[in-house]
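> Below is one structure. I have some questions about it.
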Amino acid sequence: MAVLCKPAIAVPDHIITNEDTLELARRLHRDHPQLDLALRLIEHTGVRKRHLIQPIETVLKHPGLDARSAVYEAESKARVPAVVSRALDQAELEPQQIDLIIYVSCTGFMMPSLTAWLINEMGFRSETRQLPIAQLGCAAGGAAVNRAHDFCTAYPDANVLIVACEFCSLCYQPTDLGVGSLLSNGLFGDGIAAAVVRAEGGTGIRLERNASYLIPHTEDWISYAVRSTGFHFQLDKRVPGTMEPLSPALRAVAEEHQWNVGKLDFYIVHAGGPRILDDLSHFLEVPPEAFRFSRATLTEYGNIASAVVLDALARMFDEQSALDGHQGLMAGFGPGITAEISLGTWTAPQD
């Protein structure tokens, strides 16, 4: 079965701390009628710092969608190849051995996708298939893993490269003053992740089952308003409570696999905010420590959208706590409201 190998992660050098964010909010929105509420929400995100591709002074300006699109293209081309190279090295594969590239991003748009540029620039075969995913938001990291699993099930000898490139700072909109927008301004960060799903061999999660679940009639809870100024992120106040209806779906997928979702050895989930993790701990009946990898991503990088699950997985690799045969769950959550769920078993080559 296909094995999800160790992800490679990169975050940019410009850092903004939570204290910086709070001070900016006080300075820029001193007359906002709900400033105190926004400040309390930002304080309780659990985010200590975030990394940005540009200095915060530049981020706060809005040069227009065309200028931002140019920055997205330039920065992705400058930053993604090194991350891809490390992911390939960690999977012990060469570019010529990759059969499909899945590229996920909800924070910029290019056509053709960056996949075409990567194939030309990094020595992938011209026959390499391309699958860009642009509209699943934070759920796309989980979706990429699942689509890689599907591809390897259909083509058992195939290897798949996953790339998640998220520059959330390019979606900052200075005129959006709702509490949800102000909270988002203190939550999202920039980051890139890449990982390989190998057809044979490799250390990591042997993917065994995947599923999707959409909470009915919640499609307007997380969304973009696409305007002449770009993407305007819209967040409904009900979103933090979505783990209650999603938890039964996670439980059902595990039961279909004859696993108990509350008794697994590891959990790698999207950390959209601290309540997501707290509620999962409650509704799945697992200790809070089970989500330590996701919580660390949130604390150190903020919400880096589709790259969160891969960063959390990389942290589990680094901890070296997973043992051969350990069973676990991965899940990404995003617009829809959609959950992309996968189950797998930790596997390592035998000496």
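> Quick check on this structure: which one of Arg198, Arg209 is in contact with a His (Cβ under 6 Å, 6 or more places away or on another chain), touching a residue at least 60 places away in the same chain (Cβ under 8 Å) and not hydrophobic (A, V, I, L, M, F, W, C)?
Going through Arg198, Arg209 in turn, the sole match is Arg209.
> Could you list, in sequence order, the residues of segment 240-251 that are within 18 Å of Ile341 (Cβ to Cβ) and in a helix (DSSP H, G or I)?
If the condition is that a residue be within 18 Å of Ile341 (Cβ to Cβ) and in a helix (DSSP H, G or I), then Met243, Glu244, Pro245, Leu246, Ser247, Pro248, Ala249, Leu250, Arg251 are the ones that fit.
> Here is a check on your reading of the model: is Leu207 among the hydrophobic types (A, V, I, L, M, F, W, C) and not in a helix (DSSP H, G or I)?
Yes: the conditions hold for Leu207.
> Next up: Is there any pair with a first residue in segment 38-52 that is outside the structural domain of Asn18 (by TED's automatic domain parsing) and a second that is at pLDDT below 95 whose Cβ atoms are under 6 Å apart and which are 6 or more apart or on different chains, and what are they?
none
Residue by residue, here is whether (1) surrounded by fewer than 19 Cβ atoms within 10 Å (Cβ to Cβ); (2) not aliphatic (A, V, I, L, M) holds:
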residue	(1), (2)
Arg50	no, yes
Ala74	yes, no
Leu88	no, no
Val104	no, no
Leu118	no, no
Ser126	yes, yes
Leu131	yes, no
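> Shifting gears a bit: Taking segment 296-337, which residues are in contact (Cβ under 8 Å) with a residue 40 or more places away in the chain, in a helix (DSSP H, G or I), out of contact with any helix residue (DSSP H, G or I) (no Cβ under 6 Å at 6 or more places or on another chain) and not aliphatic (A, V, I, L, M)?
Thr299, Glu300, Tyr301, Phe317 - these are the residues of segment 296-337 that are in contact (Cβ under 8 Å) with a residue 40 or more places away in the chain, in a helix (DSSP H, G or I), out of contact with any helix residue (DSSP H, G or I) (no Cβ under 6 Å at 6 or more places or on another chain) and not aliphatic (A, V, I, L, M).
> Also, quick follow-up: List the pairs whose first member sits in segment 132-156 and is not assigned by TED's automatic domain parsing to the domain that holds Leu298 and part of a helix (DSSP H, G or I), whose second member is among the aromatic types (Phe, Trp, Tyr) and crowded, with 21+ Cβ neighbours inside 10 Å, and whose Cβ atoms are under 7 Å apart, counting only residues at least 6 apart or on separate chains?
Hits for this filter: Cys138/Phe333; Ala139/Phe333.
> Can you tell me which residue within segment 338-351, out of those that are hydrophobic (A, V, I, L, M, F, W, C) and at pLDDT 95 or above, is nearest to Glu256 (Cα to Cα)?
Leu343
The values are calculated or read from the model by the stated rules, or taken from the named source; none is laboratory data. Please read these numbers as outputs of a predicted model, since none were measured by experiment. Please note: Cβ atoms are built from the backbone with ideal geometry, for glycine as well, and neighbour counts cover all protein chains shown.
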